[in-house]
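Please treat every number below as a calculation from the coordinates, not as lab data. As the structure is a computational prediction, the values presented were derived from the model and not from experiment. For neighbour counting, all protein chains shown are included, and Cβ atoms are generated from backbone atoms with ideal geometry for every residue, glycine included.
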Amino acid sequence: MSLTIVPVTFRQACQFIEAHHRHHRPPRGMKFAIGVMSDDGLVGVATAGRPVARHLDDGVTLEVTRTCTVGEPNANSKLYGAAWRAARAMGYRRLITYTQEGESGASLRAAGLQPVAELRPRPGWTTASRPRNSHGVDGVRRTRWEVCAKPAAFVPVPGESSCRTAVSAGTAGEDR
C-alpha cells in the first residue's frame, strides 16, 4: 500500500485529530496542515505553526503541533518529512516538536529529527485567578526534538541545542 502526501484544510485536520488523537485536542491555529492518504483514504494529518514556547518563536523556527494517524505503518514519519520539506520551502530554518514520556520517537528519527532536550513535567496551566481544566497532558515528562537546515554548517555551543545557536546567529544552512 502506498502513502501519498496531500493538502488538507485546517478544518479537516482538526476533525481528524478530534476523532483519532489519543491525548490532545486539535490545535488552536496553524501555518499549514498536511495529510497522508492510503488506498483506504486519509490515514493521518499533521499541523505546523508558531512554536508554543515563546522563547523559541524566533521567526525561523516552526513547530509541528500535532501529528495523528490511524496506525498506518510509516505514515507518521512521512508526515514529519513532508512538514520539514514544506517548512524549508517557506524559509524556516528549524523544525521542532515534542514527544511524551514513553513515546519512542522512531518516526521522528526516521524523518531526521534528533532529541535535544528533556523537559520536566508541567504542573498545569490553572491558577487561582484563572482556573483551567486539565486535558490529561499535565504532569508528563516531554522530549523536544528538532531538525535544522544543514546542521553540520556550524559548531554547537556546549549546553545549547544542535540548531538553536546557528538559528539565532543566522548561520543555519550556511556552508563553510
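Numbers for the structure displayed
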{"read-out": "Cβ crowding within 10 Å averaged over residues, with 30-37, 63-70 ranked highest first", "value": "63-70, 30-37"}
{"read-out": "Label-point separation in nm, Ser129 to Ala106, each point 7 Å along Cα→Cβ", "value": "4.7"}
{"read-out": "For the stretch 1-107, share of DSSP beta bridges that run antiparallel, in % to the nearest 5", "value": "85"}
{"read-out": "Loop-located chymotrypsin sites (Phe, Trp or Tyr not before Pro) in the stretch 56-115 whose Cβ has at most 10 other Cβ within 10 Å (DSSP)", "value": "none"}
{"read-out": "Amide H partners (placed H, <5 Å) of Val140, local residues excluded", "value": "Arg122"}
